[in-house]
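What follows is a short report on a single structure.
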Amino acid sequence: MYHLDFRSDRSMDLVGIGRLCIDLNADQFNRPMEETTSFTKYVGGSPANIAIGAARLGLKSGFIGKVSDDQMGRFIQQYLKENNLDVSGLSLDDTGAVTGLAFTEIKSPEECSILMYRDNVADLKLDTSNVSEEYIRQTKALLISGTALAASPSREAVFLALDYAKKHGVVIFFDLDYRAYTWNNEQETAIYYNLVAEKCDVIIGTREEFDMMEQFESFRQDDHQTAQKWFHYAAEIVVIKHGEAGSIAYTKEGKSERSGIFKTKVLKTFGAGDAYASSFIYGLMNGWELNRAMEFGSASASIVISKHSCSEAMPTVEEIQTFLKTSRKE
């Protein structure tokens, strides 16, 4: 087993911190962005999707973030409220910053891309004054996403949230969520990612994301060594995702579990990681065995990639249970 101490005396289960943005998903499939003429608007951003997914599963979720003082910011706030997320940790930007936009292109089920508008975005304006120690003290777990580290003052806000979480015995999840276009260079990225990962209890990322973090190491692309590195720090569980080959999770006490993916009709590829993380976290917070939590995460990912949205497609417990009864692993 693994050893994660979720404190029972907390009013919230999971608080996310970081990116809140708008997903504009192409209405026309199997064609390039140049030929796409309309999009459907959803709330997006990896940590937001994970927090929404957790709330959809019945966890008491909250969020620490900054939204723009305009129609897009209000759309995000309203959606979070409608989906039972606590928004008392949200702050309103007063600098004229805008909401980040992610335009998605669905050329085929295998070939999807995202065009990001991330200049002067409100979520990266989150600062240390927006992070409440009392708010973090009230939660069992904190979810950190890598994109929030890409610029100041958001970066410092995350480090302060980390300190408060460590101080109050909050379990820390780190979803690597590496987006190259938000960073100056890979060296800077690796340094900040490593500094955060050293403090986290559960680290979840793709093999490629861990490769980026390990560019200063003598070893490369070795899952076992990757996991061992983080067990020398605070990590109890390290999950390394390999796309269609599934995922492998390592525990500090030396165990590992593999999980495949489920066969499904794929519409688009994005959203899978967020769905996996929210359902995997749900399993861990309910004290499940690692393989059961991973299977739940894989099923959730398969449901979301078969649908048009990410946040809106996040499944309920019942939907995942039904899917597990009727689907098979590849």
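Some observations on this one:
- Partners for K167 among aspartates and glutamates (Cα-Cα distance below 12 Å; same-chain residues under 8 apart left out): E133, E134
- Using only alpha-carbon positions in the stretch 22-155, the gyration tensor eigenvalues give semi-axes of 28, 17, 13 Å once each is multiplied by 5 and square-rooted (largest first).
- If both residues of a DSSP beta bridge must be in the stretch 194-278, then about 65% of such bridges are antiparallel.
- Share of alpha-carbon pairs per 10 Å distance bin for the chain, given as whole %: 6, 28, 38, 24, 4, 0
- Theoretical FRET efficiency, 1/(1+(r/R0)^6), r = Cβ-Cβ of R207 and S132, R0 25 Å, to 0.05: 0.10
- In the context of the full set of protein chains, the chain has a per residue accessible area of 41 Å² (1.4 Å probe).
- Three principal axis lengths of the stretch 258-330 [C-alpha, angstrom, descending]: 32, 24, 21
- For the pair Q228 and L324 in one chain, pulling the backbone fully straight at 0.36 nm per residue adds 31.4 nm over the alpha carbon distance.
- Ordering 133-139, 2-8, 59-65 by mean Cβ neighbour count within 10 Å, with the highest value first, yields 59-65, 133-139, 2-8.
- Sites matching chymotrypsin sites (Phe, Trp or Tyr not before Pro) across the stretch 171-220 that sit in DSSP coil, with at most 12 neighbouring C-beta atoms within 10 Å: F216, F219
- Annotation: peptides 106-115, 309-318, ranked by per-residue average of other Cβ atoms within 10 Å with the highest first, follow the order 309-318, 106-115.
- Helices in the chain, meaning DSSP H runs of at least 4 residues, each add -39500 (n - 2.57). Divided by all residues, the mean residue ellipticity at 222 nm is -10000 deg cm²/dmol.
- Over the chain, relative contact order from alpha-carbon pairs under 8 Å, at least 6 apart, %: 18 percent
- With q set to 0.10 Å⁻¹, the log10 of I(q)/I(0) for the stretch 194-292, from the Debye formula over equal scatterers at the Cα positions, is -0.27.
- Ranking L14, G73, L59 by Cα position along the charge dipole of the chain, where only Lys, Arg, Asp and Glu carry charges on their C-beta atoms, puts L59 farthest toward the positive end.
- Legend: P(r) of the stretch 117-187 from all alpha carbon pair distances, 10 Å bins from 0, whole percents, reading 20, 49, 26, 5.
The values are calculated or read from the model by the stated rules, or taken from the named source; none is laboratory data. From a predicted model like this one, the values you see are computed outputs, not experimental measurements. Backbone-built Cβ (ideal geometry, glycine too); neighbour counts: all protein chains shown. SASA here: full protein model, heavy atoms, side chains in, ligands and nucleic acids out. Shrake-Rupley method; radii C 1.70, N 1.55, O 1.52, S 1.80 Å.
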